[in-house]
Amino acid sequence: MELCLRIAVILTASEDTVTQSTGDVIGYEGGSVTLSCTFTTSSTNTHYLFWYIQRPNDPPKYMLRRDKYSNDTVQEYKKRFNAKLNTSSVPLTIEDVQLCDSAVYYCALRLTVTITL
């Protein structure tokens, strides 16, 4: 079955840019897809890159974070979702693609979605 994954762009501070490919990424159930995310920043500090997923009628949901020293992935995404931080990119790979993976995916250079209890 053909699946459609949509990606979007989150803008950051004026010296920072995050770029994702535009449009839909087509994958097949059981296969794998890779969503691109490149970034530039004037910061000399550690870069923290985040991936979010937004399903229809839901707010964006934090999936994972990558930085120079550690990786953090929400438990439900550990098995099939992976991102590797490179010098100027952090592509997201989805293995064993499922129909429920159809969503909008966001890459961000700073923490963007927070929850207040």
- [ ] Starting from 0 in steps of 10 Å, tell me what percent of the Cα-Cα pairs of the stretch 31-117 lands in each bin.
- [x] 16, 52, 28, 5
Open item on the list: What are the ³J(HN,Hα) couplings of the stretch 23-28, residue after residue, when phi is run through the Karplus curve with 6.51, -1.76, 1.60 and θ = phi - 60°? Round to Hz, x for glycine and proline.
Closed with: x, 8, 10, 9, x, 10
TODO: Convert each backbone phi in the stretch 76-89 into a coupling constant with the Karplus relation 6.51 cos²θ - 1.76 cosθ + 1.60 (shift: θ = phi - 60°), then list the ³J(HN,Hα) values in order as whole Hz, x for Gly and Pro.
DONE: 5, 9, 5, 6, 10, 10, 8, 9, 10, 7, 10, 4, 9, 8
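Quick note: the coordinates plus some simple rules give every number you see, no bench work behind them. As the structure is a prediction and not an experimental result, all values here were calculated from the model.
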